[in-house]
Amino acid sequence: MRVTKDLIAGLNAGQLEQQAGAYTHLAGQLAEGGVDASQVVERLRDFQVAIPSWALGAGGTRFGRFSQPGEPGSLEQKIEDVGLLHALTGSAGAISLHIPWDIPQDYPAIRQQAASLGLAFDAVNSNTFQDPRGAPATYRYGSLSSTDPAARSQAVAHNIEVIGIGEKLGSKSLTVWLADGANFPGQANFQKALSLTVESLKQIYAALPNDWKLFIEYKPYEPNFYSTVIPDWGTSYMLAGECGPKAYTLVDLGHHLPNTNIEQIVATLMLKGKLGGFHFNDSKYGDDDLTVGSIKPYALFLIFNELVYGMAHNPQNPYPSWMIDASHNIKDPLEDLIQSLEAIREAYARALLVDRKALEAAREGHDPVGCQEILQSAFRTDVRPLLQQARLEAGAALQPLAAYRKLEVRKGLTRERGTRSVATGL
Ligand code: LRH
Ligand code: MN
């Protein structure tokens, strides 16, 4: 199924006048505060988020999974779905593959299909948290940190194979997330597990092409519930430092213990030039992988506030990789992703409106009330006319969710794929 630019222009036609009015009004207000709205729109247009290939079907938990009709049953259909998201939102310009869930069969065809939809391949993800069929060694007791040399070498070889797959697709980064850890006190020798992990990561790092990055993703618990070998940003940062200049920390928003100050972690990593990228999602308790901005939109804004500051003041930190990592237990996956893309750009747009000069002056003047007023005035701004303008200029839908429903995309996909197709992934 394709959503053409003409179809979208047809849907936008009736909303153009309202949008022009709303945009002009907001642009006028922002100009009074010294903000050029067209510059904000330009930065929004350039802000592309990678869609996880493992989150295009219905997700599930150990308590069950409710299937979704018209799920993508192949990598080609997954790329088609990301193409739909990109056509409607203008902000989903990349896909992030998970191996072995999404091994391409025909590389030229896959590259051609992605290119025809305006999609790039962002980070490729290895998987050493599930035993590959018929594999000689098991990851039951760890992979890169396992005391079993066969498991370690199998895991290192897999990561090097994933780099090879990414190279054939034009990807420029590998994400390593380890489920490695322990469920019970006494089960693991912490020092040995960490030392073995450093050794294994260095072998993977040595196989990294010159222009590639290695993203080390941390997580405090699950699937191990007593300890994890890479539980927090500090351990990931240390491992990235041990590996070398091409290694960075990846921040998955759901991988923090309750009330962790994630924006401070972001500021620290950018100052040290080691913030590689994000897995955006939201959560109330654990790694819930919920719709971005659905639970803590202010926390997301505060993170983007540090990102905008860092992108202006930390040339030592490369442009981060923006990716979503979510799981859709009850929502239509594409509607969920449209909402997440909106929440990400909304947080970014609001952070771009923060009066940085006034904020630094209030900080230097020890005026916490003033600081909060400056931040929250940006957060209280309805930036939707800016997001809509960015989409309009990109030929996307002014109202992507309404367009998705008006065009009955899910019905169309179900007609093409049936109700039984199941997407690989979580
Ligand atoms: C681990 C994680 C990781 C992926 C997986 C699908 O919780 O966030 O990024 O490999 O989800
Ligand atoms: Mn993740």
Derived scalar couplings ³J(HN,Hα) [region 258-270; Karplus, 6.51 cos²θ - 1.76 cosθ + 1.60; whole Hz; x for Gly, Pro]: x, 6, 5, 7, 5, 4, 5, 4, 4, 4, 5, 5, 5
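In percent, how large is the relative contact order of the chain, given Cα pairs closer than 8 Å and 6 or more residues apart?
Numbers: 784 pairs, mean separation 98.5, N = 426.
Taking the mean separation of contacting Cα pairs over the length of the chain, I get 23 percent.
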From the residues Val124, Gly244, Leu174, which one has its Cα farthest along the dipole of region 121-273 in the positive direction, the dipole being from +1 and -1 charges on Cβ of Lys/Arg and Asp/Glu about the Cα centre? Gly244
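Based on Cβ point charges of +1 for Lys and Arg and -1 for Asp and Glu, what charge dipole magnitude is obtained for region 155-312 about its Cα centre, in debye rounded to the nearest 20?
On the way: 11 positive and 16 negative charges, 69 e Å.
With Lys and Arg at +1 and Asp and Glu at -1, about 340 debye.
Please sort by residue number the chymotrypsin sites (Phe, Trp or Tyr not before Pro) in region 266-309 whose DSSP state is loop and whose Cβ has at most 14 other Cβ atoms within 10 Å. Display every interim value, and only then the final one.
Details: sites: Phe278, Phe280, Tyr285, Tyr298, Phe301, Phe304, Tyr309; in loops: Tyr285.
Filter output for region 266-309: Tyr285.
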Once you've got the GNM for the chain with C-alpha springs shorter than 10 Å, pick whichever of Ala157, Ala87, Ala312 has the biggest mean-square fluctuation. Ala312
Calculate the length of the line joining the C-alpha centroid of region 16-70 to that of region 326-364, in whole Å. 8 Å
How much accessible surface area, in Å² rounded to 10, belongs to the heavy atoms of Lys168 with a 1.4 Å probe? 110 Å²
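Counting only heavy atoms of protein chains, what accessible area per residue, in Å², does the chain have with a probe of 1.4 Å?
Details: 18820 Å² over 426 residues.
With all protein chains present, the chain gives 44 Å² per residue.
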Quick one: how many Å² of Met1 are accessible to a 1.4 Å probe, rounded to 10? 50 Å²
In region 64-219, what percent of the accessible surface is made up of carbon and sulfur (1.4 Å probe, ligands and nucleic acids excluded)? 54 percent
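So, R0 is 35 Å and r is the distance between the beta-carbons of Lys192 and Leu271; what FRET efficiency does that work out to, to 0.05? It would help to have the intermediate numbers written out before the result.
Values: r = 32 Å, r/R0 = 0.91.
After rounding, the FRET efficiency stands at 0.65.
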Divide by every residue of the chain the summed helix terms, -39500 (n - 2.57) for each DSSP H run of at least 4, and state the resulting mean residue ellipticity at 222 nm, rounded to the nearest 500 deg cm²/dmol. -15000 deg cm²/dmol
Using θ = phi - 60° and the Karplus form 6.51 cos²θ - 1.76 cosθ + 1.60, what ³J(HN,Hα) does each residue of region 65-81 get, whole Hz, x for Gly and Pro? 8, 9, 5, 10, x, x, 5, x, x, 8, 4, 4, 6, 5, 5, 4, 5
Surpassing 29 Å at the alpha-carbon level, of the pairs Lys272/Lys331; Lys5/Lys331; Lys168/Lys246; Lys274/Lys357; Lys202/Lys284, are Lys272/Lys331; Lys202/Lys284
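Exactly which trypsin sites (Lys or Arg not before Pro) in region 328-413 are in a DSSP loop and have at most 16 other Cβ atoms within 10 Å? Please report the intermediate quantities before stating the final value.
Details: sites: Lys331, Arg345, Arg350, Arg356, Lys357, Arg363, Arg380, Arg391, Arg405, Lys406, Arg410, Lys411; in loops: Lys331, Arg380.
Filter output for region 328-413: Arg380.
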FRET efficiency (Phe225, Gln112; Cβ distance; R0 51 Å; to 0.05) is 0.70
With a Förster radius of 56 Å, plug the Cβ-Cβ distance of Glu408 and Asn210 into 1/(1 + (r/R0)^6) and report the FRET value to the nearest 0.05. 0.75
Size of charge dipole - the chain - debye, nearest 20, with Cβ of Lys, Arg +1 and Asp, Glu -1, no other charges: 620 debye
Per-residue accessible area for Ser153 at 1.4 Å probe radius, Å² rounded to 10? 70 Å²
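The values are calculated or read from the model by the stated rules, or taken from the named source; none is laboratory data. This one's a predicted model, so the numbers in the text were calculated from it and none came from an experiment. Every residue, glycine as well, gets a Cβ built from its backbone with ideal geometry; the counts of neighbours run over all protein chains shown. These accessible areas exclude ligands, DNA and RNA; they are computed on the full protein's heavy atoms, side chains included. Shrake-Rupley method; radii C 1.70, N 1.55, O 1.52, S 1.80 Å.
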